[in-house]
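Peer 1: First, the structure itself, so that you have it in front of you.
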2 protein chains.
Amino acid sequence: MNELTIRSQSRCFEGMVMYCSHFSQCCNINMNFAVYVPPQAKTQKVPILYYLSGLTCTDENFTIKAGAQRYAAQHGILLVIPDTSPRNTGIPGEDDVYNLGSGAGFYLNAIVEPWSQYYQMYSYVTQELPDVIQANFSVDATRQSIFGHSMGGHGALICALKNPEKYRSVSAFAPICAPIQDEWGQNAFSAYLGTDFALWQEYDATELVKKTQLSYPILIDQGMDDTYYIQKQLLPEVFADACQSVGQSLNLRFHAGYDHSYFMIATFIEDHFIHHAKALLS
Amino acid sequence: MNELTIRSQSRCFEGMVMYCSHFSQCCNINMNFAVYVPPQAKTQKVPILYYLSGLTCTDENFTIKAGAQRYAAQHGILLVIPDTSPRNTGIPGEDDVYNLGSGAGFYLNAIVEPWSQYYQMYSYVTQELPDVIQANFSVDATRQSIFGHSMGGHGALICALKNPEKYRSVSAFAPICAPIQDEWGQNAFSAYLGTDFALWQEYDATELVKKTQLSYPILIDQGMDDTYYIQKQLLPEVFADACQSVGQSLNLRFHAGYDHSYFMIATFIEDHFIHHAKALLS
């Protein structure tokens, strides 16, 4: 139970980048995640910031590309970066397309066989993984926040909106804001959730915010040259309208010229750390 | 002549990351490089900082992993990251091993056939590429500096030491400091340069510094948990002894716990930008 395998580790900004694996009870298979342990954790219990990655990513992309460790070290925040899905489950076709199966867990609990045997990412990131982190690192589990990118931005928004007391803040880079209204979301929700439209709404940030508002402001950054924004896969305006209709505080920033890549994330990540540090360290 | 193909570009810190290709006259083949154009280049000619990468790298590794764009934007410096070798030359065995051929050009001009037909990386990075940069970007070519990592640290040191007037500053992360004394260097120099030991010395930083000193201090960062340092492939102490014997100013910093990875580079890259900005912007 909660036993970790450390695949590799490297010192970074006086803290430690660690690539870990463990057997996940709820996903019924070994799962990977990355952690950045800030130097402050040597002497105190530090707050936790979860980062959920986008389609096709593993626990490596953000860890390598975002330049986040500098700010995690500066603020004394432990970063946790789960993988985006179970892998090597043996489900036929799990590796065939980029937007379903491996790398595309969509942070929900699948109910359709055979996905439902392994794809329980919502329970994994909101319950099991926090338990694993608390058992293995010097953290204060009462102080945790969450953010993410694209599919992981969707994940961060729904985790926060479904658990107003669990996280102190939320933010996202180019999130999928209304999955039941876009092709990626419809495709994944059909496969994982079947045809129960009421259940679909339980994993859609735009629907969720109409029912539950957060006491804190949501931060979203969106590049205006982002292919998927232009293709209407992300729909931040739809989410903004919903937030406005219910009085949810939202800071939605559009950035001319920026695309969907980690170069956009690297540019604005400092602002996201400031946003979360305000909630986690006050 | 000097015509660029832009493979892709992304906005980053208000400037632009660009992956470029062009036909290299001296390497006799298409070559790749990456550039970061800082926002200041929109209105002025900016100085140039060349980064030479290590074994197995392409122009992508540093561009993605180092977090350098933040500092290049801050100081207004254009970054140029050449690939580490010609590729797809058709030389038999060019892709067979990690430390010779593709990804392992060692920043020298090969004289042994068939490498000599393409592997002219020294002339490429010191002469042809600067001409290409000057022809295509808003730069002040009288202000340029150079740095690198591992094999690219060796490259940066020899480029600077062989051209005391061409660069204003030099630095390196975990450089190969005395290639004629280590296995990587001996293997590569044998293959590319043959048995002329006098020629070997022309590409060895430790030998070069005994003949020519730089008017400016050299900065080197070395992690103490670096596998290749421990295996004596890097030999910074040998270089430090040579510097001391001839009065070359050297700031060699050892860092407990750091390895050979880009997590080490990301940690200390701000210091390297401060080092180069002092020389480039004064």
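Only the coordinates and a few stated rules stand behind these numbers; no lab work does. What you see is a predicted model, and the numbers here were worked out from it, not measured in a lab. Methodologically, a virtual Cβ is constructed for each residue, glycine included, from the backbone with ideal geometry; neighbour enumeration extends over all protein chains shown.
Peer 1: Just give me the residues in segment A:234-264 being aliphatic (A, V, I, L, M) and more than 14 Å from chain B (Cβ to nearest Cβ), in sequence order. Spell out the reasoning first.
Peer 2: Initially, segment A:234-264 is screened for residues aliphatic (A, V, I, L, M), giving A:234-235, A:238, A:240, A:242, A:246, A:250, A:252, A:256, A:264.
Within segment A:234-264, A:Leu234, A:Leu235, A:Val238, A:Ala240, A:Ala242, A:Val246, A:Leu250, A:Leu252 qualify.
Peer 1: Out of segment B:140-150, which residues are in contact with a strand residue (DSSP E or B) (Cβ under 7 Å, 6 or more places away or on another chain) and crowded, with 23+ Cβ neighbours inside 10 Å?
Peer 2: B:Gln144, B:Ser145, B:Ile146, B:Phe147, B:Gly148, B:His149, listed by residue number.
Peer 1: Another question, if that's okay. Being under 16 Å from the mean Cα position of the chain (by Cα) and part of a loop (DSSP other than H, G, I, E, B) is the filter here, so list the residues in segment B:201-211 that pass it.
Peer 2: Passing the criteria: B:Tyr203, B:Asp204.
Peer 1: With respect to B:Glu60, determine if the residue is free of Cβ contacts under 8 Å to residues at least 60 places away in the same chain and at positive phi.
Peer 2: Working: free of Cβ contacts under 8 Å to residues at least 60 places away in the same chain: yes; at positive phi: no.
No: the conditions fail for B:Glu60.
Peer 1: When you go through (1) under 24 Å from A:Tyr50 (Cα atoms); (2) surrounded by fewer than 22 Cβ atoms within 10 Å (Cβ to Cβ); (3) of a type in the set (S, T, N, Q); (4) within 14 Å of another protein chain (Cβ to nearest Cβ) one by one for A:Thr227, which number turns out not to apply?
Peer 2: (1)
Peer 1: Looking at segment B:45-77 only, could you name the residues that are hydrophobic (A, V, I, L, M, F, W, C) and either more than 12 Å from chain A (Cβ to nearest Cβ) or within 25 Å of B:Met121 (Cα to Cα) (or both)? Spell out how you get there, then give the answer.
Peer 2: Our first condition is that a residue be hydrophobic (A, V, I, L, M, F, W, C); within segment B:45-77, this holds for B:46, B:48-49, B:52, B:55, B:57, B:62, B:64, B:66, B:68, B:72-73, B:77.
Passing the criteria: B:Val46, B:Ile48, B:Leu49, B:Leu52, B:Leu55, B:Cys57, B:Phe62, B:Ile64, B:Ala66, B:Ala68, B:Ala72, B:Ile77.
Peer 1: Determine if segment B:24-44 includes at least one residue that is assigned to a strand (DSSP E or B), closer than 22 Å to B:Glu128 by Cβ, within 16 Å of the chain's Cα centre (by Cα) and at the interface with chain A (Cβ under 10 Å from one of its Cβ atoms). Quick ask: steps written out before the conclusion?
Peer 2: Of all residues in segment B:24-44, those assigned to a strand (DSSP E or B) come to B:24, B:29-37.
So of that shortlist, the ones also closer than 22 Å to B:Glu128 by Cβ come out as B:24, B:29-37.
Now narrow it down to the ones that are within 16 Å of the chain's Cα centre (by Cα): B:31-36.
Checking the rest, the ones that are also at the interface with chain A (Cβ under 10 Å from one of its Cβ atoms) come to B:36.
Checked against the condition, which is being assigned to a strand (DSSP E or B), closer than 22 Å to B:Glu128 by Cβ, within 16 Å of the chain's Cα centre (by Cα) and at the interface with chain A (Cβ under 10 Å from one of its Cβ atoms), segment B:24-44 yields at least one hit.
Peer 1: Does A:Gln40 fit the bill of being touching a residue at least 40 places away in the same chain (Cβ under 8 Å) and surrounded by fewer than 23 Cβ atoms within 10 Å (Cβ to Cβ)? Can you show your working first?
Peer 2: Numbers: touching a residue at least 40 places away in the same chain (Cβ under 8 Å): no; surrounded by fewer than 23 Cβ atoms within 10 Å (Cβ to Cβ): yes.
Answer is no for this residue.
Peer 1: Just one of the numbered conditions (1) touching a residue at least 24 places away in the same chain (Cβ under 8 Å); (2) hydroxyl-bearing (Ser, Thr, Tyr); (3) within 14 Å of chain A (Cβ to nearest Cβ) is not true of B:Thr267; which one?
Peer 2: Condition (1) is where B:Thr267 drops out.
Peer 1: Also: Inspect all residues belonging to segment B:58-73 and state whether any of them is buried (at least 16 other Cβ atoms within 10 Å of the Cβ) and assigned to a strand (DSSP E or B). It would help to see each step written out before you state the result.
Peer 2: Just the residues of segment B:58-73 that are buried (at least 16 other Cβ atoms within 10 Å of the Cβ), to begin with: B:58-59, B:61-73.
With assigned to a strand (DSSP E or B) added as a condition, the list becomes none.
Checked segment B:58-73: no residue is buried (at least 16 other Cβ atoms within 10 Å of the Cβ) and assigned to a strand (DSSP E or B).
Peer 1: Sticking with this one: Of all residues in segment A:212-256, which are assigned to a loop (DSSP other than H, G, I, E, B), without any contact (Cβ under 8 Å) to a residue 60 or more places away in the chain and within 20 Å of A:Asp182 (Cβ to Cβ)?
Peer 2: The initial filter retains those residues of segment A:212-256 that are assigned to a loop (DSSP other than H, G, I, E, B), namely A:212-217, A:224-226, A:231-235, A:247-249, A:256.
From the residues that got through so far, the ones that are without any contact (Cβ under 8 Å) to a residue 60 or more places away in the chain too are A:212-215, A:217, A:224-226, A:231-233, A:235, A:247-249, A:256.
Passing the criteria: A:Met224, A:Asp225, A:Asp226, A:Gln231, A:Lys232, A:Gln233, A:Leu235.
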